[in-house]
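First comes the structure, then the notes that go with it.
The values are calculated or read from the model by the stated rules, or taken from the named source; none is laboratory data. As the structure is a prediction and not an experimental result, all values here were calculated from the model. All Cβ positions, even for glycine, are placed from backbone atoms using ideal geometry, and neighbour counts span all protein chains on display. Keep in mind that these areas ignore ligands, DNA and RNA; they rest on the heavy atoms of the full protein, side chains included. Shrake-Rupley method; radii C 1.70, N 1.55, O 1.52, S 1.80 Å.
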Amino acid sequence: MLKLARLPDRTPVKIGITVTPDLAHALADYAALYNRAYSDKAEVADLIPAMLESFLASDRGFAKARKNTEAGT
């Protein structure tokens with residue numbers, strides 16, 4: 001048996017969302033600042049998955065509730 005377990009499903013899932021004009025503007029501003037900071041050409045759509053992952057990883061209440069749900073409590 002290999003030490004590395006089988007990789008989880010990595011098939012991308014496309015999700016469409018609608019945001020308010022204010023949020024769209026803020027996301028565009030964030031992308032512009034990101035691109036300046038890193039000399040990159042990332043689009044808002046490129047940044048949103050990383051932003052969501054970061055948000056969920058930093059939400060301790062979510063992590064605790066998710067762990068309790070997975071444990072069956």
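At a glance:
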| item | result |
| --- | --- |
| Accessible area per residue in Å² at 1.4 Å probe, computed on the chain | 99 |
| Fraction of accessible area attributable to carbon and sulfur, the chain (%, probe 1.4 Å) | 60 |
| Modelled FRET efficiency - R0 22 Å, ALA65 with VAL13, Cβ distances, 0.05 increments | 0.50 |
| Loop-located trypsin sites (Lys or Arg not before Pro) in region 1-63 whose Cβ has at most 11 other Cβ within 10 Å (DSSP) | LYS3, ARG6, ARG10, LYS14, LYS41 |
| Listed values (1) 67; (2) 36; (3) 53, entry calculated as percent of Cα pairs over 21 Å apart | (3) |
